[in-house]
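Encoded as structure tokens, the structure appears first; notes follow it.
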Amino acid sequence: MNISSERIPNNVNLSDDKRLQRALEQWQPHFLNWWQEMGPDGFLAHEVYLRTAVSVDEGGWANYGYVRMPDYRWGIFLAPPVEDRRIGFGDNLGQPVWHEVPGEFRNALRRLIVTQGDTEPASVEQQRLLGRTCPSLYDLRNLFQVNVEEGRHLWAMVYLLQDYFGRDGREEAEELLERRSGQSDHPRLLEAFNQPIADWLSFFCFTMFTDRDGKYQLLALAESGFDALSRTTRFMLTEEAHHMFVGESGIERVVQRTVELMANNPDTDVRKLGGIDLLTVQKYVNMWYSASLDLFGGEISSNAAEYFAAGLKGRYKEDKYTDHVALDGTYAMPVVEEGRLIQQDVPLRNAMNEILRDAYARDSDRGVQRWNKHLEEAGFSVRIQLPNRRFNRHIGIYSGTRFDPDGNMLTQAEWDTQKNQWLPTADDLAYVRSLMKPVIEPGKMAGWIAAPRKGINGLPVDFEYVRTDG
Ligand code: BYC
Ligand code: FE
Ligand code: FE
């Protein structure tokens, strides 16, 4: 297979770099096989109205047109270089950024890039069956847009591995195509990426909360002293915004529809009307938000301290801080000690995961409050709320103890008797799944979700976003 910039749009001089070309030529067919096997099920031959990044110029990252997904032009793009860029934090503050991988940080960087890379194909695998039950063609197209861009994010990390990490990098690139979401003998690396996304409410929660973890991890990596990583992640962030839009507006439309059903039929159970009751929405939010909080790692982390010290992974908006060394301060957090929560001062560098989680929690809450506006305007007193960050955790200092959604400590027995009020039960999941019937007539919406305010790229909502006539 011949790789030209026509086939792989790029701004990394691929046509002049024979070594990289050879590596990618070997990897590309494996990627395409993976896409055939693990990509969106049942829609490989359909024409989908997608945006493709063809350059980093303004507007170049969003070229719209019909394309069959296997023919999508997955490209490699770095945000434009910043002249005389310096390391912005940690022990190497002020030194020129690295254009090669420093030997002493090679393992740590490889690990960060592999962890990031692993999530991208994992999410495509998790979402693979959703196309069959889309609530509208508009939503179907958005699912596929997210999928192809996660595919491109995999390319972005594979480019770094192949161009900067030699043989190890090539092996890691192959393994990124070999692990499988949810497969017990060869799972994806992080827990949330092994959970099934079996219905569209989960998909919207995932793009709202889990893609948002992606945003904050990418922002932290965008600060990196390894310049190629910084530039790659900065470009990925331009695409990430749409993924979160899909989730935030998706749940907003679910809430809107439910509010409409409740207002018109005040005495009827929303489920009898084919809507998704707010308690079920809340339980899904509880489940996906807590799973996504886990993705930030432990509250107290020596890994995070080392990444910061080395200049590999910074804070969200590092330039807003005045102290970029972070050797003096502490961060106060409640920790579990002898069955009680007590406040503990943690050295700042060890609290970097928690500091990033703070920014994430604020951003998530802003979105939730937008959904609540619909409840407020309709005169309902009920609200959707983010659970306390200690609730239902599997990673970090709260993972060994049970907490309710307000953050109060519980015994295991209390948890066991109450958890069905907080997390989706088998019945809840079955009910939501029972609603998942495909709607593919342009402009039509499933009964459990409101229509979007507008279409994609200035087009009407009833545009034929996926050509279903084959
Ligand atoms: N699951 O110091 P700790 C995205 C491990 S999403 C399983 O607490 P650290 C996307 C950890 O590896 C963004 N294991 O954590 C979204 C360590 O193992 P070792 C993805 C976990 O290292 C939607 C041990 O526990 N990007 O892009 O500070 C669709 C203790 O580690 C988990 C990144 O994650 C977990 N959740 O932080 C598509 C950025 N958490 O050393 C895409 C790169 C921790 O004992 N990754 N462990 O063997 C990182 O920056 C860090 O690796 C983490 C963990 C933030 C994930
Ligand atoms: Fe991504
Ligand atoms: Fe994403």
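Any read-out appearing in this document is the output of simple, stated calculations on the displayed coordinates, not a laboratory observation. Every value quoted in this text rests on a predicted model; they were computed, and no experiment measured them. Heads up, the Cβs are rebuilt from the backbone with ideal geometry, glycines too, and the neighbour counts pull from every protein chain shown.
Counting neighbouring Cβ atoms within 10 Å and putting the fewest first, the residues TYR431, TYR289, TYR216 line up as TYR431, TYR216, TYR289. Selection among LEU410, GLN127, MET236 by position relative to the dipole of the chain gives GLN127 as farthest towards the positive end (Cβ unit charges, Cα centre). Take each peptide in 44-52, 19-27, count the other Cβ atoms within 10 Å of every residue, and average; sorted highest first, the result is 44-52, 19-27. Too long at a 32 Å Cα-Cα cut-off: which of LYS272/LYS444; LYS283/LYS320; LYS283/LYS454; LYS215/LYS419; LYS313/LYS373? LYS283/LYS320; LYS313/LYS373, as the Cα separations exceed 32 Å there.
Just check the chain against the gyration tensor rule for me: Cα atoms, a ≥ b ≥ c as the square roots of the eigenvalues, rounded for a/c under 1.5, and otherwise prolate or oblate depending on whether a/b exceeds b/c. Please list the in-between numbers first.
Working: a/c = 1.85, a/b = 1.12, b/c = 1.66.
Taking the square roots of the gyration eigenvalues as a ≥ b ≥ c, the chain is oblate.
Going by Cα centres, the stretch 67-113 and the stretch 256-274 are how many Å apart? Comparing the Cα centres of the stretch 67-113 and the stretch 256-274, I get a distance of 50 Å.
Based on other C-beta atoms within 10 Å, arrange PHE463, PHE403 from fewest to most.
Numbers: PHE463 17, PHE403 21.
Lowest to highest Cβ neighbour count: PHE463, PHE403.
Charge dipole (Cα centre; +1 on Lys/Arg Cβ, -1 on Asp/Glu Cβ; no other charges) of the stretch 114-257 amounts to roughly 480 debye.
If you stretched the chain out fully between THR411 and ALA430, how much longer would it get, using 0.36 nm times the residue separation minus the C-alpha to C-alpha distance? Spell out each step's value before the answer.
Working: separation 19, 0.36 × 19 = 6.84 nm, distance 2.86 nm.
Here the segment from THR411 to ALA430 would lengthen by 4.0 nm.
Simple point charges give the picture: +1 on the Cβ of Lys and Arg, -1 on the Cβ of Asp and Glu, and for the stretch 14-467 a dipole about the Cα centre of about 740 debye. Backbone phi angles across the stretch 159-170, fed through the Karplus curve with coefficients 6.51, -1.76 and 1.60 (θ = phi - 60°), yield HN-Hα couplings of 4, 4, 4, 7, 7, 10, 10, x, 4, 4, x, 5 Hz in residue order; Gly and Pro are listed as x.
Determine the shape class of the stretch 326-470: with a ≥ b ≥ c the square roots of the Cα gyration tensor eigenvalues, call it rounded for a/c under 1.5, and otherwise prolate if a/b is greater than b/c, oblate otherwise.
Working: a/c = 2.56, a/b = 1.79, b/c = 1.43.
Prolate, because a/c is 1.5 or more and a/b exceeds b/c.
Among 322-328, 440-446, sorting by the average number of other beta carbon atoms lying within 10 angstrom of each residue, highest first, gives 440-446, 322-328.
Computed from the C-beta positions of THR268 and GLN26 and an R0 of 45 Å, the FRET efficiency is 0.15 to the nearest 0.05.
Beta bridges from DSSP with both residues in the chain: antiparallel share about 90 percent, rounded to the nearest 5. Listed from fewest to most Cβ neighbours within 10 Å, the set GLU414, GLU464 follows the order GLU414, GLU464. Near the amide H of VAL335, within less than 5 Å, lie the amide hydrogens of ILE342, GLN343, GLN344, all on another chain or at least 5 residues away, with H placed in the peptide plane. Between GLN256, ASN142, SER292, the Cα set farthest toward the positive side of the dipole of the chain (charges on each charged residue's Cβ, about the Cα centre) is that of GLN256.
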